[in-house]
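Data block below; observations after.
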Amino acid sequence: MHTVDVVVVGAGLAGLHTARLLAQQELNVLVVDRRRSLASGIRTTGIFVRRTLEAFDLPDHLLGPGVRDVLLYPPSRRGPIRLSSGRDEYRVADMAGVYEYAHKAAVSAGARVLLGVRYACAARGLVRFEGAEPVRARFIVGADGAYSRVARDLGLDVNRRFLVGAEIVHPVASGTTTPAFHCVLDPRVAPGYLGWVIDDGRHAHVGVAGYPKAMRTGVRHLLDDFAADAPGRAAPTGPLERRGGPIPVGGVLRRLACPEGLLVGDSAGAVSPLTAGGLDPCLRMSELAASVAVDYLRTGEPSMLDRYDGGAFRRRFRGRLLLRNMFAGIRSPVAAEAAVALLRGPAGRAGRAVAERILFGDGSFPDVEQARPAGRA
Ligand SMILES: Cc1cc2nc3c(=O)[nH]c(=O)nc-3n(C[C@H](O)[C@H](O)[C@H](O)COP(=O)(O)OP(=O)(O)OC[C@H]3O[C@@H](n4cnc5c(N)ncnc54)[C@H](O)[C@@H]3O)c2cc1C
């Protein structure tokens, strides 16, 4: 039977990035994913915010043109609020290309990646799969998404609060649209969150997300209703792709690590509770996760895992969790209309400034540098 230092379950961005960092530290790393191809079953719009692109080396050719304007609409769709930045704030990635790039980077660093292999269970260092022989592993990284099985098997915390999101993606004819991010606050189509259209001049992504229990029909029906007259939507010029999945929005989980393993990305609840963005968090958290795992595996000292403390991250997110609850409290179209109206005109200046800080701000998630002991690179 094979023995490895680390099994990483999940070849999403969190798993592949963590695997690359661990393999760069000469650890013997095996990554498994149940998907047969990383270009299939994509669950994200792929909007990367400016601060992520400044911090991580994503190749430019995998990113669409920059988007600087956000338009916020009430349920009536009348009189949207326009918020504009002087910089490119959002770029939508070719996610199949990004996963392929992250896959190659992990493999070049020395990790072995097995696709079409499902993690089944782990106990006392023995990890079993469907589609591959079991292995012995010193440590498991659960990067297996919002409904993490690894979290349950290791007795770590699990996500309990979710939005569910769905979107369609299609190409648009060049020069026919103005790049913008249209956000619709309407609890009838997106209870507790937003409907969106992001069009960067090459592709349009039209989506909705919300609390599943508050949806009057399934998310796919709501998406079809929304897409029929979504603001800023351009005519498709190519095939439609459908994407969707759960989004954990209860904040980073408290108990993320134990001597058998740790969690990263969605499995750790590392999604901004307010914006539901998880790509920046999963990359940043992977850096800390890898650094903690390396220290622990080198020393065998369980106290090394204390640095990976979900409770500390949660404290930094109190404000965002509060705003999430306020967002979730907008339950009627009248309340949503009033909330957008509060941002209009001179009286709405302070509200617009808060919205701009959330949408265009420099804060990052989680602030991993603060969690490192003094003196570490
Ligand atoms: C519709 C939608 C749109 C979104 N849009 C954005 C956005 O534009 N910007 C943003 O920042 N965030 C967005 N998010 C959130 C973001 O996509 C996620 O937070 C992020 O992709 C999480 O990455 P991950 O690697 O942790 O998890 P995932 O990408 O979910 O990867 C988990 C992997 O684990 C694998 N897996 C699961 N169980 C097993 C098993 N038992 N055995 C083997 N493999 C397994 C899965 O196949 C999957 O490949 C969106 C989410 C949704 C649902």
Determine the pairs where a residue that is charged (D, E, K, R), located within region 247-266, has a partner that is within 12 Å of the ligand (Cβ to nearest atom) and not in a strand (DSSP E or B) with Cβ atoms under 8 Å apart, the partner being 6 or more residues away or on another chain.
Asp266/Gly12; Asp266/Ala14; Asp266/Gly145; Asp266/Ala146; Asp266/Ser148; Asp266/Asn159; Asp266/Gly278; Asp266/Cys282
If we scan region 311-323, do we find a residue that is outside any helix (DSSP H, G or I), at positive phi and either surrounded by fewer than 22 Cβ atoms within 10 Å (Cβ to Cβ) or in contact with a strand residue (DSSP E or B) (Cβ under 9 Å, 6 or more places away or on another chain) (or both)?
no
Selected residue (criterion: farthest from Cys183 (Cα to Cα)) from residues of region 229-266 that are within 16 Å of the ligand (Cβ to nearest atom) and small (Gly, Ala, Ser)
Gly261
Go through Asp157, Asp153 for me and flag whichever is in a loop (DSSP other than H, G, I, E, B), within 30 Å of Tyr308 (Cα to Cα) and either acidic (Asp, Glu) or in contact with an Asp or Glu (Cβ under 7 Å, 6 or more places away or on another chain) (or both).
Asp157
Kindly provide the set of residues from region 29-68 that are part of a loop (DSSP other than H, G, I, E, B), over 22 Å from Ala209 (Cβ atoms) and either away from the ligand (no atom under 11 Å from the Cβ) or free of Cβ contacts under 8 Å to residues at least 24 places away in the same chain (or both), ordered by number.
Ala39, Phe56, Asp57, Leu58, Pro59, Pro65, Gly66, Arg68
Residues that are surrounded by fewer than 18 Cβ atoms within 10 Å (Cβ to Cβ), in contact with a Ser or Thr (Cβ under 9 Å, 6 or more places away or on another chain) and within 27 Å of Ala39 (Cβ to Cβ): does region 192-206 have at least one?
yes
Only residues that are within 12 Å of the ligand (Cβ to nearest atom) and either free of Cβ contacts under 8 Å to residues at least 60 places away in the same chain or part of a strand (DSSP E or B) (or both): list them for region 1-28, please.
Val7, Val8, Val9
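Only the coordinates and a few stated rules stand behind these numbers; no lab work does. All values derive from a computational prediction rather than experimental measurement. In this analysis, Cβ positions are derived from the backbone assuming ideal geometry, glycine residues included, and neighbour counts consider all displayed protein chains.
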